[in-house]
Structure formats: C-alpha cells, structure tokens
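Report on the structure given below.
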C-alpha cells in the first residue's frame with residue numbers, strides 16, 4: 001500500500017477535516033484496483049495511515065460485496081440474476097457462461113482467466129440481461145453475444 | 001407523448017453531458033443569479049412552494065426536509081445526493097448522472113447555498129462505472145470553471161463536492177445506511193429519531209435527496225414555483241422519470257408528467273407487452289411496491305395519490321411489466337432471494353425473516369411446500385412490518401403480500417400438484433432464445 005500514500009494524501013485533502021474514517025472505502029477500492037484484492041498487510045497499513053481501528057476495515061471488507069480478500073481471474077464476469085434480467089433470460093445467460101467456461105458461479109477457470117459470479121440488480125434493467133465484466137456493463141446479452149465476448153476476452 | 005418534460009429537454013448526443021453543452025443550454029446561469037441576488041431562505045421558500053416531492057421512493061416533500069435545517073446554528077451542515085440507485089427495476093438516476101451531470105451539480109450548489117452547506121457529497125453505487133466517470137468528470141469541469149470551490153461566481157459562497165463510491169450494498173440506498181457508509185463503515189441504518197436533518201453525517205444536520213429530486217431544483221428556482229406547479233397534478237407537481245423494464249416492447253427511461261394515464265403509458269408510449277402478449281401485472285415503482293394487475297391499472301394515472309389509492313405506490317418509478325404466462329411463484333422466489341442476500345443483519349426480524357421467506361419459497365419450488373407455507377409467508381411479512389430499523393423488512397413484506405394477494409392460486413397449485421402453473425417461466429413465452437424447458441418441480 002505504501003506506494004499509494006501520495007495518492008491517498010491528495011484524496012484526503014478533498015474531504016473536510018476530521019473525515020479520516022470516510023476514507024476507508026475509497027482507499028480500499030484503490031488498493032483492490034492496484035493489487036486485485038485486499039491483503040492482510042493492506043489492512044494493517046491502512047489502519048495505521050488513517051488511524052482507524054483494524055476491525056472497522058475488516059467489517060467493511062466483509063460487508064460490501066465488491067471487496068475481495070483473495071485473488072480472482074483476470075476477467076470477472078458478473079451476471080445479474082435479479083428480476084428484470086431473469087425475465088429477459090438471465091438464467092440462460094448464467095447457464096451458458098457456466099457451460100462455456102466449465103465453471104459454476106463463484107469459481108475461476110484453471111488458467112486463471114475467468115471468474116464467474118452472479119450478482120443482484122446492477123441498475124441496468126432496461127437493457128437486460130446484463131453481464132458486468134470487470135468494471136464494464138455488457139448489455140442486451142444473448143448466447144451469441146456472450147460467445148463473441150468470451151472469445152474477445154480469451155484472445 | 002407523456003406530457004411536459006422538465007429534465008429530458010435536450011437531445012442526447014455524444015457530448016450533451018459536457019460543461020460546454022450544458023452552458024449552451026443556459027447552464028449555471030441560475031446558480032450565478034442565486035448566489036448574487038437571492039438569500040438562502042428565499043431559495044428554500046421557492047422549493048417548498050413548488051411542492052417538489054422526493055423521487056427516491058417515499059415522496060416526502062423536499063421543502064419540508066430542507067426546512068428542518070437551522071441556518072446560522074454555528075455548526076456545519078452537509079448535503080448528499082443519493083445516487084445509490086439499487087431498487088431492482090430502477091435505473092432512472094443513471095440517466096441524469098450519464099446525460100445531465102451538470103444539472104445535478106448546479107442543483108446541488110443551489111441547494112447547498114440554501115442550506116448553508118460547505119461540503120456536499122454524491123454517494124454513487126459502486127457498480128456504476130460510466131455514471132461515476134460522468135459525474136466525476138463533470139465535478140472536475142465545474143471546479144475548473146469556478147462553479148465549485150472558493151467564492152463561486154465572485155460571491156462569498158464556497159462549496160466542495162466529493163463523489164463517493166459505494167461498494168455493493170442495497171441497504172446503503174436507505175438514507176441513514178448511506179451516511180454510515182459515507183462515514184467509512186459497514187452500512188448499518190440508524191434508528192430515528194433523531195432525524196438525519198438534526199443529526200446526520202458525523203452527527204451534523206444533513207440533507208439527503210435523491211438525484212432526480214435535486215435535479216429539479218435548478219428549474220424550480222429558475223422558472224419559479226408557480227410554473228412548476230402548472231405541471232403534473234395538485235398533489236404530485238412536476239414529472240417523474242420512469243424506468244420501465246421486463247416484458248415490455250420498448251424498455252428504457254421515460255419522463256412522464258404526473259397524472260398521465262398508466263395504461264396508455266404502457267400500451268402506447270412503451271409499445272405494450274413484448275411480442276403482443278397479454279399483460280398479467282405491473283410492478284409500479286420498484287420491486288418493493290405491490291404488483292397491480294392489468295385491470296387494476298386501467299383507471300389509474302401516474303401520480304402518487306392515484307397509485308396509492310390502488311393499494312400500491314409509484315415508489316422510485318422502477319416499473320416492471322409482466323406478461324401473461326409468467327410464473328409468480330418463481331417471480332417471488334427471485335425477490336425473496338434478493339432480500340435475503342441484501343439484509344444487513346442488524347435487526348432480528350429482517351435477518352431471520354428474509355432467510356425464512358427465501359427457504360419457504362425455495363421449498364415450494366422444489367415441490368416440497370405445504371399449504372400452510374402461504375400463510376407463513378404472510379405472517380413473516382406482518383411480523384417484519386415496522387419492527388426493523390430501516391424499511392427493507394417492510395418492503396420485502398409488501399412485495400410478498402402483494403403477490404400472494406393477487407396470485408394465491410399459483411402458490412396453491414404448485415404446492416398441491418408439485419409443479420408450476422406456468423412451467424416455472426420468468427422469460428416471456430415468446431422469448432426468442434428460450435433455453436430448453438427446464439423441469440421445475
């Protein structure tokens with residue numbers, strides 16, 4: 001985390017004085033972007049830097065679905081399975097992705113390229129079904145479009 | 001056409017979200033006038049007189065919320081735009097964040113001026129990437145142009161806006177959960193009283209308004225409360241952004257003048273049900289509002305009073321259209337799975353109740369349900385109502401009670417026969433790439 005401290009100092013100046021605790025989420029997001037996940041050493045370093053209790057960081061990491069405590073695949077495919085996506089074929093999308101990649105939700109391919117997850121509503125119901133790949137939404141998915149997407153990502 | 005438009009007033013192009021485009025449309029002229037010529041109380045008075053309602057779901061009058069803030073009480077006040085759009089079926093605020101970010105910023109600056117706020121926040125859900133980039137870039141543009149920062153437009157008014165990203169939690173869309181999250185902790189909602197306008201962010205008076213609510217402020221202050229009241233109905237002035245999805249021909253975000261015909265909106269403006277199928281029911285305002293059948297909506301208009309009179313609510317404007325032939329048992333299964341997944345675990349009735357409801361519906365779908373299970377679901381819903389810190393427990397109950405009230409026969413059929421009345425189908429019957437029929441039960 002040490003190499004991110006200069007960035008965190010900039011971020012800190014944007015908040016009012018006394019808002020150190022608020023920096024837990026943005027700092028963790030940046031750490032995860034950088035390492036791909038959040039390690040024990042990051043928690044210690046961040047608790048030190050912000051002067052917040054270690055348990056607060058642990059709680060945040062376990063509470064929010066987007067934080068990870070272990071590495072995942074290069075491409076994280078997150079298929080929405082909430083109402084509007086299910087009504088537009090999300091169950092088929094998840095099945096198709098699983099068959100195509102040979103893994104189930106929560107698993108990573110042996111080559112470390114793909115991790116498959118299911119998620120609840122991504123707020124993109126008008127273009128359902130939706131699969132989020134890393135940070136990007138892929139909308140109006142169909143088996144053909146999924147195949148094309150996976151081929152692009154695998155190459 | 002869905003009546004007068006107040007927000008979707010310009011064509012969306014590749015650069016319509018930029019500062020340059022916004023200024024060409026008259027952007028930031030209202031803020032300039034406000035900080036130079038108006039007193040903070042005048043702004044609040046105008047917004048209160050407009051009757052602007054909250055657009056996050058509860059439809060609480062914005063002016064009344066603002067009115068709680070005491071000016072000159074020698075403590076900081078905070079403002080936060082709630083952009084944690086997470087109610088399934090709702091994706092309207094995304095339209096503002098992506099296409100009109102400067103309208104939100106100008107409106108927040110005017111609101112901050114009215115409430116004597118020095119630091120404001122946009123709390124945006126962590127999954128939103130493009131909306132986050134758009135609002136974050138717009139904030140930078142506004143700083144560079146002097147519409148944020150020190151001495152705005154040469155006045156004594158200064159404002160900083162921080163865009164704060166959530167990290168995946170439905171409950172953080174609830175105002176007090178949002179604040180706890182903004183304090184860098186797990187997003188546990190808080191008991192009221194004290195109200196957040198009395199003790200909010202770091203125990204200071206805080207106003208939290210939905211993105212769409214705030215976006216209306218600039219127009220109200222620019223054109224006056226009377227002009228705003230000419231749009232919509234007496235009890236629901238203005239317009240509502242409705243995001244419509246599910247089995248509908250033309251899903252998307254529509255701006256609808258309050259009072260517009262519900263049935264006409266679906267039938268004509270949105271092209272009706274997918275592939276010309278019959279309409280079974282509609283979720284009117286996010287999945288936590290009770291479903292309405294095709295017959296229910298026929299006499300209704302799209303405003304809070306009309307939809308409330310039918311026993312439901314316009315909520316967050318997240319409308320989901322359901323075609324005939326859809327299995328409402330599996331429909332409820334998706335909802336209770338979601339609520340179970342999202343319960344923060346703070347209050348016993350919700351933490352345990354969501355799990356019970358989820359397991360009961362799973363059991364029915366597995367063909368192992370008992371007729372008593374239907375009443376069990378209703379009893380759990382009732383036990384949750386009003387017994388939890390935030391409204392999530394209640395919301396799950398409303399959705400469940402609503403579905404069982406209208407489609408109890410489908411639950412009884414599955415329990416008695418061990419299979420769905422509609423082949424367990426969630427996709428429309430004419431879904432083009434319908435997967436092989438999966439045996440359900």
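Only the coordinates and a few stated rules stand behind these numbers; no lab work does. Not measured: the values here are computed from a predicted model. As a convention, Cβ positions derive from the backbone with ideal geometry for all residues, glycine included, and neighbour counts pool all protein chains shown.
Values as computed for the structure displayed
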item: Relative contact order for chain A, counting Cα pairs under 8 Å that sit 6 or more residues apart, in percent; result: 19 percent
item: Cα-based shape type of region B:185-271, given that a ≥ b ≥ c are square roots of the gyration tensor eigenvalues and the cut on a/c is 1.5; result: oblate
item: Using a Förster distance of 56 Å, the FRET efficiency for residue B:294-residue B:25 (Cβ separation, nearest 0.05); result: 0.90
item: Inter-chain shielding of B:330-339 (mean C-beta neighbours from other protein chains, 10 Å cut-off); result: 3
item: Residue B:368/residue B:405 FRET efficiency (R0 25 Å; Cβ-Cβ; nearest 0.05); result: 0.60
item: Computed log₁₀ I(q)/I(0) - Debye formula, equal Cα scatterers, no solvent, region B:143-239, q 0.11, 0.13, 0.18 Å⁻¹; result: -0.51, -0.70, -1.05
item: Convex hull projection area averaged over all views, region B:289-342, Cα basis, nm²; result: 4.3 nm²
item: Distance in nm between pseudo-label sites at residue A:55 and residue A:134 (7 Å out along the Cβ direction from Cα); result: 3.8 nm
item: Rg in Å to one decimal, and Dmax rounded to a whole Å, for region B:239-323 via C-alpha atoms; result: 11.0, 32
item: Radius of gyration and Dmax over the Cα atoms of region A:75-154, both given in Å; result: 11.2, 34
item: 10 Å Cβ neighbours from other chains, averaged over peptide B:161-170; result: 5
item: Angle in degrees between helix A:5-14 and the longest Cα principal axis of chain A, rounded to the nearest 10; result: 90 degrees
item: Computed lengthening from residue B:71 to residue B:10, 0.36 nm per intervening residue step minus Cα-Cα distance; result: 18.4 nm
item: Reciprocal of mean inverse Cα separation for the protein assembly as shown (Kirkwood radius, Å); result: 24.7 Å
item: Debye intensity ratio in log₁₀ form over the Cα atoms of region B:322-441, taken at each q of 0.13, 0.14, 0.17 Å⁻¹; result: -0.50, -0.57, -0.80
item: Inter-chain Cβ neighbour average for residues B:422-428, partner chain, 10 Å; result: 3
item: Bins of 5 Å, starting at 0 and running to the largest distance - Cα pair percent for chain A; result: 2, 9, 17, 17, 15, 12, 12, 9, 7, 2, 0
item: Euclidean distance of C-alpha centroids, region B:270-286 and region B:323-369, integer Å; result: 23 Å
item: Translational diffusion of chain B, µm² s⁻¹ [Kirkwood Rh, Cα pairs; Stokes-Einstein; 25 °C; 0.890 mPa s]; result: 108 µm²/s
item: Relative contact order (%) - chain B, alpha-carbon pairs under 8 angstrom, separation at least six; result: 16 percent
item: Sequence-separation-based contact order of region A:2-63, relative, with Cα cut under 8 Å and 6+ spacing, percent; result: 31 percent
item: Most to least packed among A:122-131, B:47-56, B:211-220 [average Cβ atoms within 10 Å]; result: B:211-220, A:122-131, B:47-56
item: Computed FRET value (nearest 0.05) for residue A:14 with residue A:95, which takes r as the C-beta separation and R₀ as 35 Å; result: 0.20
item: Inter-probe distance in nm under a simple model that places probes 7 Å from Cα toward Cβ, at residue B:202 and residue B:387; result: 3.8 nm
